[in-house]
Every structure is written in C-alpha cells, then in structure tokens.
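One structure is given here, and the rest of the page talks about it.
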Amino acid sequence: MGWTVGVDVGGTFTDFFAAKGDEGLIHVYKTSSTPSNPAEAILNGLDAMCEKFDIPMDQIDRLSHGTTVGTNALIQRTGSRVALVTTKGFRDLLEIGRQTRPHMYDLQIDHPEPLVGREHRIELNERIGAQGESVREPSSEDIDAAVDEVIAADAGACAIGFIFSFRNNVNEQTFAKALRARAPDVAVSVSSEVQPEFREYERLSTTVLNAYLQPVMSRYLETLEAGIAKRAPNASLGINQSNGGLMSVGRSREFPVRTALSGPAAGAVGAAHAARQIGRRNIITLDMGGTSADVALIRDYKVDLAFDRDVAGFPIRMPCVDVETVGAGGGSVAWFDRDGLLKAGPKSAGAYPGPACYGNGGTEPTTTDANLLLGRLSSRGLLDGDMGLDSALSRQVYQPIADELGFTVEKTAQGMLGIVIANMVRTIRMISVERGHDPRDFVLMPFGGAGPLHARGVAVSLGMKEMVVPSAPGIICAQGLLVSDLKEDFVTSRRFALNAGGLTILASALEELNTKAMNWFESEKTPTNGRQVQLVVDARYVGQNFELAVPVATAASLTSRDVPDVPTVRTAFCQAHDQAYGYASETDPIEIVNVRLTASASLHKFEDKASLDGDPGKPQVRDVRPVFFDDETPVETRIFDRAEMRPGQKIAGPAVLEQMDTTTPVYPDDMAEMTPDGHLIITINPEVFA
C-alpha cells in the first residue's frame, strides 16, 4: 500500500492528512490558503509536506480533495455567463420561483438576482406531457434559432431545462446534441442529467447553478490535475461531493454543483469515522472555524442527508450532508445592537486583519480575544507558537465594552463567550430537538480550530454528559476525505401508490437504476469487494406536499426480487414520519414519488480498534497559568502538550491541553482520557447536571 492524502481547502488554511495504512503512519500539515488560486496552496503544501515528512511522491496512490471553488464562485458571483434554454412560456420560472420570501419578517430582503438575465433566457417551442408523452417536438428551424441565440449571448455555459424532461428527456437531448455540435466551446448542463426528478423550479435552479460553475471548475481542475500528475504520477484524484462521497475529476467537471457543500460534508464523514473508532454510535458534531460553526447529526455512524438546500440564496435539489451553519467562529465580533444588548457575530474579523490579538491591525473584540483574556488560549500563540498572540491588544479592545457594561474585562469576555455558545446551542436544537432527537442521547464531538474551546458550555446547555475531541480536530475535514467512499446517486421520479401494483413499478425502477449503478461501478473501475447500493424511496401520505426519504434495502447489488413487501415499506415510512413529526397513521394511503439508488465503493479499509499496551504512565505538565472557567476568579491550571500524551492517560480538570491545531480546556472535576486511536474522551462532572 502506498500513501493516501486528504486535502481540505479553507478560507484561512489548507489542511493535509497523509496516511500509509499498512505501516500505521500518519502525518498532518497546514499551510496558508491562496484564495486567488486555491490550487497553488495545494501544490505548494504537498511539496512542503512531502519534504518535511520524507514522503516519496511516486508512492502516493490517491489524493482526495474537498474544494470551496464552487461555493466561493456562487457567493462572490464570479462564475461564467450563462444562457438558459427552456420550454416556451416558462422563461420567467427562474425568477418567479416559489413566491416565498427569504425571511418571513423582513420585508426589505429579496431573493438574489437570477444568475441568468432575462435577455439570455431563451424559449423553445417544445412540450413533454406530465406522463412523459411527446406533446410537441421542436422543429429543426426552432432548434437552430435557439442555438443562434445561445451563440449570440456569448455565454460560457448553457443550461437546458424543459418541462417534464425528468419523465422523457428526448427533447433536451436533441437540443443539447445540436448545441454541442455547433458550439463545442460552450459548456452544457442538461436538467435530466444534473437532477432528473420532479419539482420544476428546484430542478431548473440546480441546472443553472451547475452551468454557472462548469467553466470555473473546469479551469481549476485542469490546473490542479496537471500539477498533481507532474508531482505524483501514480495518484488518482478524487473530489468530494456535498453528499459526503468522492467523485472522479471527470464527473466533477460535468457536475460541479455537487461540490457546493464539499467542505462541511468532509468534516461530517471524518467525525463519523472517529465515532466508529471509539464505539460512539450517535454523535452531534460542532465544527467551529474562524467565521462560522457547522453542526450535524450522526446516527448509527451514518450522516443524515437533506435534499433541498440553499447555497448563497439559490435553491439546490440534490443529496447533501444535512449541516446547519451559524455565524459563530473565532473571529466573531462583539457589538451592541440598537436595543443596547451585547451581540456576537455573525460579522467576523476574518483571517486578516483578524482578531486584535493577531497584531495585524484588528480593532474589534472577537471570540479569540475573549479566550485569550480568560487564559484559555496561551500567549505563546497558535500553531505550536508559530503564530503569536498579544493579550494586551485583546484587553484594549474589550475595555470599552466592559466600561459600558460596568463589568471587569474578564467577566465581559465570559459574557461574550456565553452568547456565542447560546447561538450554537440554538442551531444544534434545530437539527436535534426540532427533528425528534434528544441531544442527551448523543455525544458531542467538537472539532475545527475553535470547536474544543467552546464545546463544554454547549454540552452542558444541552444536557450532554460526554464529549469526544478527535486526535487532530483542526484537520478532521482532510481526514474525512481519506475515509470517504466513491459515491454516485441515481434517481427516477415515478408517482405511484404503495400497494401490490405499486411494487411492480418500484421493481421496474430498481432494475433500471441498478443497471446504471453497475455500469458506473465498471466505468469508475471501483474495487469489487467494497461495492454497495442502497434503495431509498421518497414517500408521503396522499395529500401531503413534501416527502420523506426512507431507506428500504441495502446490498452489493439489488434486483426486483429484493424489493420489500408493502407492510415492510409502510412500517419504515411510518417510523420515519413519527420521528420527523411525532405522528404516523397505519391506515392512511401512502404514495411514492421518487425512487433513489445510492451506489458507493469503499476505498478505505477500516482498521481494527487499537488496544492499550502496558502502563501509560502520567502525562507531563508543561506549564501552569491562571485560567477563568465558569467563576469570576481564575484557577491555577496545569497545561499539557497533547502531542506528548499516550493512549490510556487520564487528566483531571482543571487543565488545558494544547496542540498544533486547537486548544482543549478540561473544566474542574471533569475527566479527560486518551483513547488508543488518539482521541480524547471528556466526561463532564455529573454534579453539573444535578
């Protein structure tokens, strides 16, 4: 076995996680990101990491990459000019949407401007009926005229979205073929290929986003692929998708919209892997970086998926890791609202100038400054002291707030962190309590550079008695890329009742999708011993507007004989409905509207759980300093270097564990223990919940 490398590009740092499984070797590395050209940081960082740890580049077998190129292009609106070709009469669908407001109680906020101007929305006189029947075939003259308009628009990409093309895509394919023949330099996105399922507006929006990103992502991947091939000629390159799986570079060029939530998805997959190593089946993750915090819920080591998400205000309809985000990070700024109350975030000081303590000219009080004032962060700085922090600057920016409140600077800093924690608690309740899950049945897993610093307050507020801090919290997204499966989702929209006749339709759809999955396995040359397909039906009670995704069968391959009977599917749906809404009827009629098949191929061999060997001894104290925890007076606290800890060692609070990518406070009377895999399990003092 050679080396496998995971690379996650963030706004501030680009993270690397390299592993050689047969020898148990692991290396982590961080370098500054290069937002103007993310590939530069990847290639330069790969050079530096391999030189530092003596990794032969020709022994790298696989490099998996989580990218923010697509996300940033949507946020900054730096994608390509797009032309849209749609059915006659539906030119304005992209703008009409669902006629809902982005914020119910804010009448001033509108939806973002469409990515396709009205002058570049082209109508074609064609029509497919609701059952897939051909109502009107476009004439060759109409097709040529529409192609002329696309060429005249000087567009870099063209989105094609016709009514009911998910039932019959013949007209879409006919037009796409004509366009590609006459304008080979124009990237083409066809809705029946991007996401062939019902809900016209969401399908059209997703197709437009895909077209908008195609030229940008293609140029980026071309640069990256050439650089990787030059350095590591034996490495296969995989790109992370929003559903938590990898796809090939070719598929990434074709469907870049699938990378819109690539980064958070990798973190959730990495957290699920760490949870499996320590045997904690149910996890709530808290990924807190410099600007925001992402939270996700993991049940039975599996990450929940959502099918309708917004990215930069634009709806996307496709499987995505179900992650909620809140504007709470290390750079979140403290400020007074018009009501005179202190608030925290979502405004952030960013990476530069960053918090005041960075010494780069920051003038606003941030979360990081508060942690430094309370002694939870060392003035030695971040990244093992490579990035110094100045507590005098933090005190300087917090003093005016303290004076206005009539508090000490330290009490003000504690109040600021309390607000940040409350914001994150509210977001975790959205993915747990509001969806029928009790947080007390889960373990909190904080990661990211700032997650472990604030996790204890979050856990106590939610009644969670245990926390797990991964071995490399700031690099877990890169680690998640290493353990991700190659994955592809197939879907067909078929509306039918859940009865004996409906099962015949389901069996037919399954055969069709399974054939596509098997062909995909072969085209991607996936290992035969790690293949798996999962059948999921989108079901609802007759009369409901929205459906629930219900898994009903999983195997290496599925045929019509594997379709479960009606009572089995009904029971699975009722359980899902009861979980989501607290109610389920055993007698009301059920209908299925989509049939999905997720194909995955495991590229990572799960290691056997490591075991403890001999007496671990006692961890060595590196320093002692006063730290403020919950009280208004500091406590003399032992400081440990986590890199020097051995599996099996225990540390009773108060303590602070420092490492290259994060800092973990252990509160008084809490207990921290290192697992054989290097993770840290923190048990909270039971008296806190008494």
Practice prompt. Could you tell me whether segment 358-373 includes any residue that is closer than 30 Å to T637 by Cα and part of a strand (DSSP E or B)?
Written response: yes
Worksheet item: From the list F573, F546, F629, which residue is in a loop (DSSP other than H, G, I, E, B) and touching a residue at least 24 places away in the same chain (Cβ under 8 Å)?
Response: F629
Worksheet item: When you go through A176, A181, A159, A226 one by one, which is the residue that is touching a residue at least 40 places away in the same chain (Cβ under 8 Å) and either closer than 21 Å to G117 by Cα or outside any loop (DSSP other than H, G, I, E, B) (or both)?
Response: A159
Discussion item. I need the full set of residues from segment 343-360 which are in contact with a strand residue (DSSP E or B) (Cβ under 8 Å, 6 or more places away or on another chain), open to solvent by 30 Å² or more (accessible area, probe 1.4 Å) and either within 16 Å of L453 (Cβ to Cβ) or not basic (K, R) (or both), in order please.
Written reply: P346, S348, Y358
Fill in: Residues of segment 135-156 classified as free of Cβ contacts under 8 Å to residues at least 12 places away in the same chain and outside any helix (DSSP H, G or I), total
2
Worksheet item: Somewhere in segment 456-471, is a residue open to solvent by less than 10 Å² (accessible area, probe 1.4 Å), within 27 Å of W3 (Cβ to Cβ), touching a residue at least 40 places away in the same chain (Cβ under 8 Å) and part of a helix (DSSP H, G or I)?
Response: no
Worksheet item: Does M424 count as open to solvent by less than 30 Å² (accessible area, probe 1.4 Å), part of a loop (DSSP other than H, G, I, E, B) and either among the aliphatic types (A, V, I, L, M) or touching a residue at least 40 places away in the same chain (Cβ under 8 Å) (or both)?
Response: no
Fill in: Single residue of segment 174-201 satisfying the filter (open to solvent by 20 Å² or more (accessible area, probe 1.4 Å) and among the charged types (D, E, K, R)) that is farthest from E137 (Cα to Cα)
D185
Worksheet, complete the sentence: Reported set for segment 162-173 where residues are assigned to a loop (DSSP other than H, G, I, E, B) and open to solvent by less than 50 Å² (accessible area, probe 1.4 Å) is F162, I163, S165, F166, N168
Worksheet, complete the sentence: Flagged pairs (Cβ under 8 angstrom, 6 or more apart or on separate chains; first in segment 295-311, within 17 Å of V483 (Cα to Cα); second among the polar types (S, T, N, Q) and open to solvent by 40 Å² or more (accessible area, probe 1.4 Å)) are I298/N282; D300/N282
Worksheet entry | Residue, least open to solvent (accessible area, probe 1.4 Å), within segment 430-443, restricted to residues that are part of a helix (DSSP H, G or I) and free of Cβ contacts under 8 Å to residues at least 24 places away in the same chain | V433
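The values are calculated or read from the model by the stated rules, or taken from the named source; none is laboratory data. Here the structure is a predicted model, which is why all the values come from computation and not from measurement. Cβ atoms come from the backbone with ideal geometry, glycine included; neighbour counts cover every protein chain shown. For accessibility, only protein heavy atoms count, side chains too; no ligands or nucleic acids. Shrake-Rupley method; radii C 1.70, N 1.55, O 1.52, S 1.80 Å.
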